[in-house]
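Worksheet: the structure to be examined is printed underneath.
None of the figures in this text is laboratory data; all of them are computed from the coordinates on show. The structure presented is a predicted model; accordingly, all values stated were derived computationally and were not measured. Ideal geometry is used to build each Cβ from the backbone, glycine not excepted, and the neighbour counts take in all protein chains shown.
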Amino acid sequence: MPFLLVACTSGGETAPPTASSLPKGDLAVLAEKIDQRRSELKTARFHTEGFASDGASTEVRNVVDGTLRQDPEGVTGAMTMTMTTAGQNRKMDLVIAREGIYVHVEGAPMPAGKKWGLYTSGNNGEVTALLRGFGPGATVGAELDYVQPRAALIVSKAEEPLDGVAATRYDLVVDPLKMAKVIKDSDTQLQHTQLAEHGVTINAVVWVDGAGTPLKAEYRFELEGKVVKQSTTRFTEWGGKLDVTLPPASETIPADQLPG
């Protein structure tokens, strides 16, 4: 199932949660609180771990650390990503700005004096595919996309402190077909339709504090009892200061001019 390798996460097998009697309306309330807190606080530090597999021997793992800011105009931030495939590591730095995404890949061939490639909306397909590893929204924290009242149900709720912080844990079950209907990106929409056709189930978990601030979020794609894709993001320092320094223009080259 190669379409599962469109991304990344930290794996392990978890038994699916059992259904509870919580009313469906609770998820809409939770989603509204999360959206409100993200809009109010805007910035956060994050740590993401991910894995994706074809269900056999091929898998990709990633670890990502950075900061982000979410505004109505879009997301800005900076992160360092390490991807591991077949025991080989590839490290890259990304800076997400209004004008595009700056990417530096350790060890990649570059013209003399250049370190960064700038990808814009016209040529960012490769980078966008990489960022899909975070979830449907193809950006940091997109695990929270599955807190979707039109596609998911709360199956359990419990008080579960997180690193000493009082938090409530919500376990969700997500319908891939219903999720496809609320996703705008055509490739990600098709992926979720295929997940349903192949019998893949989606379970998601989110931890929030008393105000509804997301502290941690994850999703798991499971096939025949095995986790084949997962992504987990831990958020800290919500509302903190974020300074994103753009790479020097002298070290940057448009992505369409990069060596083939």
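Rounded to the nearest whole Å³, what is the per residue volume of the convex hull around the Cα atoms of segment 97-151?
111 Å³
Enumerate the calculated ³J(HN,Hα) couplings along segment 38-48 in order (Karplus 6.51 cos²θ - 1.76 cosθ + 1.60, θ = phi - 60°), each rounded to whole Hz, writing x wherever the residue is Gly or Pro.
Ordered by residue, 3J(HN,Hα) equals 5, 5, 6, 8, 6, 10, 6, 8, 8, 9, 10 Hz.
Can you compute the helix-only [θ] at 222 nm over the chain? Use -39500 (n - 2.57) per DSSP H run of at least 4 residues, normalise by all residues, nearest 500 deg cm²/dmol.
Here the helix-only value at 222 nm equals -5000 deg cm²/dmol.
Are there any GluC sites (Glu not before Pro) in segment 61-144 that are in a DSSP loop and have at most 15 other Cβ atoms within 10 Å? List them by number.
Answer by residue number: GLU73, GLU99, GLU106.
Can you compute the charge dipole magnitude of the chain about its Cα centre, using +1 on each Lys and Arg Cβ and -1 on each Asp and Glu Cβ, nothing else charged? Give it in debye, rounded to the nearest 20. Spell out each step's value before the answer.
Working: 26 positive and 33 negative charges, 37 e Å.
Around 180 debye, computed over the chain.
Karplus couplings for segment 170-187 from phi (6.51 cos²θ - 1.76 cosθ + 1.60, θ = phi - 60°), rounded to Hz, Gly and Pro as x?
So the J values, rounded to whole Hz, are 10, 9, 10, 10, 10, 8, x, 5, 5, 5, 4, 6, 9, 8, 8, 5, 5, 5.
Mind sorting HIS192, HIS104, HIS47 by how few other Cβ atoms lie within 10 Å of their own Cβ, fewest first?
Working: HIS192 24, HIS104 19, HIS47 14.
So the residues, fewest neighbours to most, are HIS47, HIS104, HIS192.
May I ask you to list the trypsin sites (Lys or Arg not before Pro) in segment 214-260 that are in a DSSP loop and have at most 15 other Cβ atoms within 10 Å of their Cβ?
LYS241
Once you've got the GNM for the chain with C-alpha springs shorter than 10 Å, pick whichever of MET110, MET179, MET81 has the biggest mean-square fluctuation.
Taking springs between Cα atoms under 10 Å, the residue moving most is MET110.
What number comes out for the charge environment of LYS157, summing +1 per Lys or Arg and -1 per Asp or Glu over other residues with Cβ under 12 Å away? Let's see the in-between values first.
Numbers: positive: ARG169; negative: ASP26, GLU159, GLU160, ASP171.
My count for the surroundings of LYS157 gives -3.
I need the GluC sites (Glu not before Pro) found in segment 158-234, filtered to DSSP loop residues with at most 13 other beta carbons within 10 Å of theirs.
When the GluC sites (Glu not before Pro) of segment 158-234 are filtered for loop state and at most 13 Cβ neighbours within 10 Å, GLU224 remain.
Around ALA255, under 15 Å between beta carbons, what's the net of Lys plus Arg minus Asp minus Glu among the other residues? Intermediate results must be reported in sequence, preceding the final value.
Details: positive: LYS114, LYS115; negative: ASP93, GLU99, GLU126, GLU251, ASP256.
So the surrounding residues net to -3.
Going by a ≥ b ≥ c, the root eigenvalues of the Cα gyration tensor, does segment 129-252 fall in the rounded group (a/c under 1.5), the prolate group (a/b larger than b/c) or the oblate group?
Details: a/c = 2.18, a/b = 1.14, b/c = 1.92.
In terms of gyration-tensor shape, oblate.
Tally Lys and Arg at +1 and Asp and Glu at -1 over the other residues with C-beta under 15 Å from the C-beta of ASN123: what net charge comes out?
Working: positive: none; negative: GLU99, GLU126, ASP256.
With Lys, Arg at +1 and Asp, Glu at -1, the net is -3.
Please give the peptides 161-172, 202-213 ranked by average Cβ packing (other Cβ atoms within 10 Å per residue), highest first, as a rough proxy for protection.
202-213, 161-172
Label points 7 Å out from Cα along the Cβ direction at ALA86 and ALA129: separation in nm?
My value for the distance between the label points is 1.7 nm.
Cut-off 10 angstrom, C-alpha nodes, Gaussian network model of the chain. Which of THR85, THR67, THR188 fluctuates the most?
THR85
What relative contact order, as a whole-number percentage, does the chain give when Cα pairs under 8 Å and 6 or more residues apart are counted?
25 percent
Take the alpha carbon atoms of the chain, find their radius of gyration, then divide it by 2.2 N^0.38 Å using N residues; give the quotient. Walk me through the numbers before you get to the answer.
Values: Rg = 18.5 Å, N = 260, 2.2 N^0.38 = 18.2 Å.
Ratio of Rg to 2.2 N^0.38 Å for the chain: 1.01.
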